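See below for the structure under consideration.
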Amino acid sequence: MAARILLLAALVISITCSDIAFAFDPSPLQDFCVADLQKPVLVNGYACKDPKLVKAEDFYFSGLNREGNTSNPFGSIATRITVTQVPGFNTLGISIARADFAPGGVNPPHFHPRATEILTVLKGTLEAGFVTSNPENRLFTKVLRPGDLFVAPKGMIHFQKNIGRGKAVALASLGSQNPGVVTVPNTVFGSHPRISTDILAKAFQVDQFRIQQIQKNF
Ligand SMILES: *[C@@H]1O[C@H](CO)[C@@H](O)[C@H](O)[C@H]1NC(C)=O
């Protein structure tokens with residue numbers, strides 16, 4: 001009987017642990033697995049390049065010092081550096097992005113389906129926030145200045161606004177080689193094809209004309 005209980009406990013622990021392991025980018029089983037972006041093999045990530053052919057450039061990117069062009073309706077732009085730009089990110093569970101903000105610029109509510117984010121402000125003043133899942137939908141916000149960071153947990157809707165007088169710059173460190181991004185206004189109002197206006201009118205509790213007006217912007 002005691003042996004059976006032990007066995008059951010071991011089984012429960014192993015199932016729980018394996019769930020934790022599979023919830024994130026896979027742990028590397030070698031020093032590196034530089035992505036071979038040309039190989040036709042489809043795995044969870046990319047197939048590894050022959051280690052003998054790996055070069056320092058595979059782990060390198062230059063250009064994050066360059067300011068992004070914020071001349072768009074949001075007044076902000078994200079320059080994302082994922083496994084596509086740095087093949088060395090493959091299987092390591094990391095990537096990075098630079099975010100530029102014009103004065104008053106907003107990085108609209110969005111989420112990363114595969115990554116937690118640490119946003120570190122390098123220049124200017126940002127208001128950053130995220131909202132928790134249902135039913136609480138609690139909003140956490142913070143004003144950030146250079147050297148300050150704020151976390152957006154994986155899958156949570158988050159946003160930033162430049163509330164300073166000048167431009168603002170931040171670096172986003174992400175816990176996935178391919179974090180993905182779902183921008184709420186673009187996906188809800190700018191899908192291809194459009195979500196029916198009657199569905200969105202009901203969802204947002206406004207009339208269909210109001211929905212059509214918003215859809216025109218996306
Ligand atoms: C920034 O983008 C706008 C709109 O696309 C364009 O008109 C402008 O020339 C760009 N500026 C630079 C410096 O590339």
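The values are calculated or read from the model by the stated rules, or taken from the named source; none is laboratory data. For clarity, every value in this text was computed on a predicted model and none was experimentally measured. With ideal geometry, Cβ positions are generated from the backbone for all residues, glycine too; neighbour counts draw on all protein chains shown.
What the table below lists for this structure:
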quantity: Extreme residue, farthest from Ala35 (Cα to Cα), among residues of region 71-125 that are in contact with a helix residue (DSSP H, G or I) (Cβ under 9 Å, 6 or more places away or on another chain) and of a type in the set (Gly, Ala, Ser); calculated: Ser95
quantity: Residue within region 108-116 that is away from the ligand (no atom under 16 Å from the Cβ), surrounded by fewer than 12 Cβ atoms within 10 Å (Cβ to Cβ) and part of a loop (DSSP other than H, G, I, E, B) present; calculated: no
quantity: Output for region 34-93, where each listed residue is within 16 Å of the ligand (Cβ to nearest atom) and either assigned to a loop (DSSP other than H, G, I, E, B) or more than 20 Å from the chain's Cα centre (by Cα) (or both); calculated: Gly63, Asn65, Arg66, Glu67, Gly68, Asn69, Thr70, Ser71, Asn72, Pro73, Phe74, Gly75
quantity: Checking Lys202 against (1) not assigned by TED's automatic domain parsing to the domain that holds Asp100; (2) not in a helix (DSSP H, G or I), the condition it does not meet; calculated: (2)
